[in-house]
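The values are calculated or read from the model by the stated rules, or taken from the named source; none is laboratory data. Small disclaimer: the values here were computed from a predicted structure and weren't measured. Every residue, glycine as well, gets a Cβ built from its backbone with ideal geometry; the counts of neighbours run over all protein chains shown.
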Amino acid sequence: MPLLEIQDLVKTYRAPDGEVQTVLDVARFELEAVEQVALVGQSGSGKTTLLHAIAGILRPDSGAVRFDGLNLAQLSEARRDAFRAQQLGYVFQTFNLLQGYTALENVLLGMVFGPGPDRAWARELLTRLGLADRLDHRPAQLSVGQQQRVALARALANRPRLVLADEPTGNLDPERAQQALELLTGLCREQGAALLVVTHDARVSDTFERVVDLGTINRAARSATPAPVVGLAGGQRP
Amino acid sequence: MKALIGLSLIVRRSLRQHALSTIVTVFSSAIAIGLVMGVFHLNAQTRQAFLLDGFGADAVLGARGSKLQLVLNSVFHLETSPGNLPWSIYAEMRQNPRVELAIPYAVGDNYRGYRIVGTTNELFDRFEFARGAKLALQSGGVFFDPALREAVVGSVVAERTDLGLGAIFQPRHGIAAAPSGAEIVHPEEYQVVGVLEPTGTPLDRVVFIPLEGIFRMEGHELRGTGESFRPVAGESIPDEHKEVSAVLLKFRGGPMTGRFFDTQINLQGKQATLAFPLAQVLLEIFQKLGWMVQVLRVVSYLVVVVAAASILAALYNTMNERRREFAILRALGARRRTVSSAIVLESSAIAAMGALLGLGVYAAIFSAAAFVVRRETGVVLDVFAFHPSLVIAPAAMVVLGALAGILPALKAYATDVASNLVPTS
């Protein structure tokens with residue numbers, strides 16, 4: 001059984017003019033435990049919406065998002081919150097660190113709603129990411145690269161089984177992007193977490209063994225825009 | 001427990017991040033709560049102190065006039081004397097079997113604004129200024145000899161003037177200090193032979209001398225017969241010439257006796273006034289000042305409401321800027337309930353800190369008021385005494401603070417995660 005299984009997932013929005021627009025219509029997508037996949041697609045192809053649906057932040061209109069066999073789409077909001085807190089790590093493109101909190105506290109926040117705060121583990125993560133001397137710094141006192149590493153540490157703080165990363169290198173220069181990507185993939189592998197990275201950057205997706213083109217699997221995007229040239233139909237590299 | 005740790009972290013960081021508004025709202029809550037506690041406790045304690053609970057006299061007898069003036073003059077040593085009473089009335093009361101104790105007071109002089117009261121040693125031997133408590137002397141002192149020019153001074157007098165043990169002074173004419181240069185200094189010299197232990201009552205502000213001393217003070221005239229009489233040194237004063245300003249009375253037979261004398265003196269007699277029961281007479285003051293207490297209470301309630309509103313406004317105004325923070329917390333697994341609880345907890349924490357600081361504000365307000373009351377009346381108010389408002393008011397402030405957090409909490413509760421996860425500029 002795959003760790004993550006998406007089936008006939010549909011998500012619509014009502015536009016200001018009242019028209020119902022389908023942004024996500026995915027027939028099938030699977031992710032095995034510990035697998036690392038890059039999900040590519042053009043802007044507006046529903047990448048972030050798909051991640052939100054997987055994370056339980058959004059509830060789909062229909063279809064299933066199964067995590068370890070459990071259909072998240074049918075869970076109450078509180079149970080989806082608990083799922084995020086316990087099983088999921090999320091790396092945002094804009095890092096989404098809380099400005100009033102120190103680096104250490106930001107990482108602790110990744111645990112308090114789930115397994116509970118573990119200062120030693122938070123320190124260890126930050127130390128391994130080269131931030132041992134920045135534990136008490138607030139985000140504004142850190143460089144962009146350091147902020148990204150705090151965000152990585154926070155995503156891994158609750159020892160998740162699945163890490164979702166939304167354009168994790170979008171705000172970094174190529175050198176730092178490469179470093180961040182290596183850290184992310186390396187730590188996920190080490191922690192035994194599956195990784196789903198959403199990106200529009202071919203330099204990022206090229207480092208993954210499996211790349212899925214959302215433009216291909218999302219029927220809503222396919223009907224709205226021409227299919228992208230990146231990746232192959234069916235989502236599997238040869 | 002995990003939720004509590006998370007909530008505590010969120011609340012602490014938010015309070016720190018919005019330090020200025022936290023400080024302002026904490027201070028406004030502190031002032032509000034200090035004011036409420038101060039108004040309620042001061043009112044209760046002054047009432048208790050001025051209603052003479054446990055005072056060792058049931059009534060005060062004095063010249064025909066206002067009962068309230070009589071009590072203020074003879075018990076609190078405030079106001080002017082309503083006039084004098086012929087010695088015969090005092091003597092009759094003293095011999096009446098229904099009267100257990102009759103202590104005469106004669107006033108008319110002061111020392112540096114502190115009233116000089118001529119009285120008998122019964123005041124020291126038999127009178128209880130509070131239930132079971134008689135006047136006691138500080139070490140080395142004795143009560144005056146009624147035949148000598150000796151004085152016993154209250155603790156406040158000893159503290160604030162040069163009238164320590166052994167000090168010699170000359171009384172000044174008048175019951176209050178005259179302007180400098182206009183005071184009439186009696187030639188008689190009195191020696192302080194005793195300083196009273198503090199009583200926390202107006203007695204602390206009095207200089208006691210023998211009754212005869214007032215009669216014989218140079219310049220004093222006695223009009224017990226209606227005609228002026230000046231005592232002659234070395235000769236006794238006939239009783240018919242003597243006068244007293246007031247008589248403290250303790251009855252035998254309880255309130256029935258008091259009512260009997262009340263009828264006899266106030267309704268059937270024309271020469272004297274009996275202030276009985278004392279508490280009832282003094283209640284008049286509080287009834288007259290009742291509106292002021294009500295105004296103070298309303299003002300303090302309003303200040304509390306304003307403080308609670310300021311908590312609400314301060315939190316509510318941060319809600320827009322905090323939407324992203326809430327969305328991030330939710331994305332990390334915080335429940336809606338956790339985020340909204342954090343807001344209510346934050347407003348409660350502000351109120352709780354205000355309530356805690358309010359105890360300091362209360363102590364400052366109470367101490368300042370107690371200082372003035374003691375200076376003006378000798379009545380001691382105890383800032384550390386318990387009053388229910390000291391518990392109820394802070395608890396009510398915390399509840400109000402929590403209520404003030406509900407509206408912002410609802411806004412936080414309704415925050416949409418997906419649409420607020422991206423930065424806004």
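Couple of notes before you dig in:
- B:Ala342 within 14 Å of chain A (Cβ to nearest Cβ) and of a type in the set (Gly, Ala, Ser): yes
- Residue match in segment B:335-348 (condition: free of Cβ contacts under 8 Å to residues at least 60 places away in the same chain and either of a type in the set (A, V, I, L, M, F, W, C) or assigned by TED's automatic domain parsing to the domain that holds B:Leu78 (or both)): no
- Residue check for B:Arg64: surrounded by fewer than 16 Cβ atoms within 10 Å (Cβ to Cβ), under 30 Å from B:Glu183 (Cα atoms) and either away from every other protein chain (no Cβ under 14 Å) or of a type outside the set (D, E, K, R) (or both): yes
- All positions within segment A:85-103 that are in contact with a helix residue (DSSP H, G or I) (Cβ under 6 Å, 6 or more places away or on another chain) and without any contact (Cβ under 8 Å) to a residue 40 or more places away in the chain: A:Gly100, A:Tyr101
- The condition of being of a type outside the set (S, T, N, Q), surrounded by fewer than 24 Cβ atoms within 10 Å (Cβ to Cβ) and in contact (Cβ under 8 Å) with a residue 12 or more places away in the chain holds for only one of A:Leu181, A:Leu164, A:Leu109, that being A:Leu181.
- A Cβ distance below 6 Å, combined with a sequence gap of six or more or placement on separate chains, defines the contacts here; from segment B:310-334, residues that are within 11 Å of another protein chain (Cβ to nearest Cβ) reach residues that are among the acidic types (Asp, Glu) in the pairs B:Gly333/A:Asp81.
- Taking each residue of segment A:119-139 that is hydroxyl-bearing (Ser, Thr, Tyr) and looking for partners that are assigned to a loop (DSSP other than H, G, I, E, B) and modelled with pLDDT of 95 or more with beta-carbon atoms closer than 9 Å, six or more apart or interchain, yields A:Thr127/A:Leu135.
- Flag for B:Glu284 being closer than 30 Å to B:Ile184 by Cβ and charged (D, E, K, R): no
- Evaluation of A:Pro115 against (1) touching a residue at least 24 places away in the same chain (Cβ under 8 Å); (2) more than 13 Å from chain B (Cβ to nearest Cβ); (3) not aromatic (Phe, Trp, Tyr) (one fails), failing number: (2)
- Selection over segment A:8-39 of residues that are in contact with a Lys or Arg (Cβ under 8 Å, 6 or more places away or on another chain), surrounded by 18 or more Cβ atoms within 10 Å (Cβ to Cβ) and in a strand (DSSP E or B) gives a count of 8.
- Hey, B:Thr273 among the β-branched types (Val, Ile, Thr), touching a residue at least 40 places away in the same chain (Cβ under 8 Å) and not in a helix (DSSP H, G or I) or not: yes
- Residue satisfying condition, being touching a helix residue (DSSP H, G or I) at 6+ places or on another chain (Cβ under 8 Å) and either farther than 30 Å from B:Ile365 by Cβ or within 14 Å of another protein chain (Cβ to nearest Cβ) (or both), within set B:His18, B:His41: B:His18
- Test: residue in segment B:403-410 that is closer than 30 Å to B:Val75 by Cα, touching a helix residue (DSSP H, G or I) at 6+ places or on another chain (Cβ under 8 Å), surrounded by 18 or more Cβ atoms within 10 Å (Cβ to Cβ) and in contact (Cβ under 8 Å) with a residue 60 or more places away in the chain: no
- Residue within segment B:102-113 that is surrounded by fewer than 18 Cβ atoms within 10 Å (Cβ to Cβ), within 26 Å of B:His220 (Cβ to Cβ) and either away from every other protein chain (no Cβ under 14 Å) or not aliphatic (A, V, I, L, M) (or both) present: yes
- Any chance A:Leu97 is within 9 Å of chain B (Cβ to nearest Cβ), touching a Pro at 6+ places or on another chain (Cβ under 6 Å) and closer than 14 Å to A:Leu164 by Cβ: no
- Test: residue in segment B:237-260 that is in contact with a helix residue (DSSP H, G or I) (Cβ under 7 Å, 6 or more places away or on another chain), surrounded by fewer than 13 Cβ atoms within 10 Å (Cβ to Cβ) and of a type in the set (Asp, Glu): yes
- Of the strands (runs of 3 or more DSSP E) lying entirely inside segment B:150-224, those carrying at least 2 residues that are under 20 Å from B:Ser74 (Cα atoms) and under 30 Å from the mean Cα position of the chain (by Cα) are B:150-153, B:206-210.
- Flag set for A:Arg59, criterion: assigned to a loop (DSSP other than H, G, I, E, B) and without any contact (Cβ under 8 Å) to a residue 24 or more places away in the chain.
- The lone exception for B:Ala351 - which of (1) at pLDDT below 95; (2) part of a helix (DSSP H, G or I); (3) touching a Leu at 6+ places or on another chain (Cβ under 9 Å) it fails: (1)
- Test for A:Asp206: is it surrounded by 17 or more Cβ atoms within 10 Å (Cβ to Cβ) and at pLDDT 90 or above: no
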